[in-house]
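Just below is one structure, and these are the notes that go with it.
The values are calculated or read from the model by the stated rules, or taken from the named source; none is laboratory data. All figures in this text were calculated on a predicted structure; none of them were measured in a lab. A quick note on method: Cβ atoms are made from the backbone with ideal geometry, for glycine too, and the neighbour counts reach across all protein chains shown.
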Amino acid sequence: MRRASLLLAALAALTTGCFEDIDTPFPDAGPDAGPVADAGPCPAQLSAWEENTAEFPAAEGDEMFPERINYVRTRWIRGANGMHARAYVHADIRTTFEAVRNPLAGADRRESVTFTFEEMVEPSVRWSHQSHLIIPDVVTVEFDLRWLSDVCQGTPEIPTLTSTRWQKVFGTSAIPLLEGNIQCVPITADVTGLEIQYHLDSFAADHQTIEDYLQGYYDSIVALAHGDPLPVQE
């Protein structure tokens, strides 16, 4: 989250008075906004946008499914930065999905940041929340993210495909687009694969900004899935 803080500090310092808060109804990107993958078993509001070009991590010695994440940098509509990623988690899919949709997993948990969330904000899916962040920098930055999650195949007790999608729905127009998707698929009974896509159009942001965020989110997912404390953010 450190790079995200620097990004927002630069944004606040350089754009004061130049941008206004905007609403971006969920979901922002639809079939007419750019290439969209076949939704398949997932509803359109939870589906991935395109084919994921990242590879799962290669085997390391005797470990066929190393607990790592691989990235591929892409471009999205209107020149936005994009990212594809695939990763393994050493936990069953139900446990991993619980970690993915935990409001604290993808949150900015630094002490200086005010982070709150409200659950069950979207009745069309089983799990949802909306987070509100107040980040004090040169100028205080506020924005809202909406998160939707559901089982696309299987049952909540025994899922075989899940999807979580999030999007910035309110805040500064200096971030016209911020959205992501994580799908969980079973690799073995005790290993889950994550398939991730992320799009970001933001002042002073780049692909490294996305990688830093997704690495922190992935590390939090792994910790929660293992029953460990969440990583400290500075």
Sole residue being among the aliphatic types (A, V, I, L, M), without any contact (Cβ under 8 Å) to a residue 60 or more places away in the chain and assigned to a loop (DSSP other than H, G, I, E, B), chosen from Val151, Val125, Val121 | Val121
Residue among Ile175, Ile134, Ile196 that alone is in contact with a strand residue (DSSP E or B) (Cβ under 9 Å, 6 or more places away or on another chain) and assigned to a loop (DSSP other than H, G, I, E, B) = Ile175
Would you mind stating whether Tyr213 is crowded, with 21+ Cβ neighbours inside 10 Å, outside any helix (DSSP H, G or I), in contact (Cβ under 8 Å) with a residue 12 or more places away in the chain and among the hydroxyl-bearing types (Ser, Thr, Tyr)?
-> no
In segment 199-210, how many are in a helix (DSSP H, G or I) and among the aliphatic types (A, V, I, L, M)?
-> 1
Go over the candidates Gly82, Gly61 one by one and state the one that is of a type outside the set (Lys, Arg) and surrounded by fewer than 16 Cβ atoms within 10 Å (Cβ to Cβ).
-> Gly61
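Conditions tested, residue by residue: (1) farther than 20 Å from Gly193 by Cβ; (2) modelled with pLDDT of 95 or more; (3) surrounded by fewer than 19 Cβ atoms within 10 Å (Cβ to Cβ).
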{"position": "Arg75", "(1), (2), (3)": "yes, no, yes"}
{"position": "Ile93", "(1), (2), (3)": "no, yes, no"}
{"position": "Val100", "(1), (2), (3)": "no, yes, no"}
{"position": "Pro103", "(1), (2), (3)": "yes, yes, yes"}
{"position": "Ala107", "(1), (2), (3)": "yes, no, no"}
{"position": "Glu122", "(1), (2), (3)": "yes, no, yes"}
{"position": "His132", "(1), (2), (3)": "yes, no, yes"}
